[in-house]
Amino acid sequence: MAFTDISIDFLMRYFAEREPSVLQPYEAYFFCRHDLRDADICGPYQPLWGMRMDILLSMLRVAYRVMRYRLFAYYGQVLGNRRKEWSGLIMPSPMGRSVMDVPRWHWVYIFYVHKYGNLTEKRRKELRRNGEVYGVRNMPPSGPDYKVLGDPDLARFRRAILSAKEDFDYFNAIGKEADRLLWQTKKHLWDTRVDTKNEKSP
């Protein structure tokens, strides 16, 4: 299938540009350790849509996590481990998988929780002036727009966020088309079974 071959090639080139240390924590997510563009049999076979789609979905899950890791690392490089200063920044985050096992991600705000000393994620951010809340900003479903990116808290990170957003949009486009093709394949299989049953009926 041309779509899977092109997408796998795109993701292989994306990974090739990354530092080896960035990919190392995610090697277990791959079905194979060799170049996946040349893989014929790799991982569990899925008779519904074939092995190549399984490879693509595995790579897509890794690509999202690498993108998040890189942005997270950049925040850490600028702010260090002072997590209190991370409140109000934005980050891509997993929201599970579709019915057809395609990874789904969205953008969220991250905040430091003083009580537990960790970061939490929310889809909205309170806007404050002199300690008083004067409004609320919701993260758009399509990701950060000009209002979100115009936030003063993000000024130092705008270029890194835009770079991550570009990758994010590419991955979403691949995921959306993969989801469409898988639903199409499943429907065709279902229709074929129904037709076969009708032919056998007396």
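The values are calculated or read from the model by the stated rules, or taken from the named source; none is laboratory data. For clarity, every value in this text was computed on a predicted model and none was experimentally measured. FYI the Cβ positions are ideal-geometry reconstructions off the backbone, even for glycines, and counts take in every protein chain you see. Surface areas here come from the heavy atoms of the whole protein model, side chains and all, with no ligands, DNA or RNA. Shrake-Rupley method; radii C 1.70, N 1.55, O 1.52, S 1.80 Å.
Annotations for the structure displayed:
- For the criterion of being closer than 19 Å to VAL148 by Cβ, free of Cβ contacts under 8 Å to residues at least 60 places away in the same chain and surrounded by fewer than 15 Cβ atoms within 10 Å (Cβ to Cβ), MET95 passes.
- Residue in region 50-61 that is open to solvent by 70 Å² or more (accessible area, probe 1.4 Å) and either charged (D, E, K, R) or under 23 Å from the mean Cα position of the chain (by Cα) (or both) present: no
- Neighbours by Cβ (under 7 Å, 6+ apart or cross-chain): first from region 1-14, under 11 Å from MET59 (Cα atoms) and open to solvent by less than 50 Å² (accessible area, probe 1.4 Å); second among the acidic types (Asp, Glu) and outside any helix (DSSP H, G or I): MET12/ASP35
- Residue count, region 125-143 (criterion: touching a strand residue (DSSP E or B) at 6+ places or on another chain (Cβ under 6 Å) and either touching a residue at least 12 places away in the same chain (Cβ under 8 Å) or in a loop (DSSP other than H, G, I, E, B) (or both)): 6
- Test for PHE157: is it surrounded by 13 or more Cβ atoms within 10 Å (Cβ to Cβ), out of contact with any helix residue (DSSP H, G or I) (no Cβ under 8 Å at 6 or more places or on another chain), aromatic (Phe, Trp, Tyr) and within 30 Å of SER7 (Cβ to Cβ): no
- Number of the exception - GLY175 against (1) surrounded by fewer than 16 Cβ atoms within 10 Å (Cβ to Cβ); (2) not in a loop (DSSP other than H, G, I, E, B): (1)
- Annotation: of all residues in region 178-202 being in a helix (DSSP H, G or I) and of a type in the set (Ser, Thr, Tyr), the one that is modelled with the lowest pLDDT is THR196.
- Qualifying residue in region 111-122 (condition: more than 30 Å from THR185 (Cβ to Cβ) and touching a Pro at 6+ places or on another chain (Cβ under 9 Å)): no
- For region 119-141, the candidate set comprises residues that are of a type in the set (S, T, N, Q) and more than 17 Å from PRO94 (Cβ to Cβ); within that set, the residue that is least open to solvent (accessible area, probe 1.4 Å) is ASN138.
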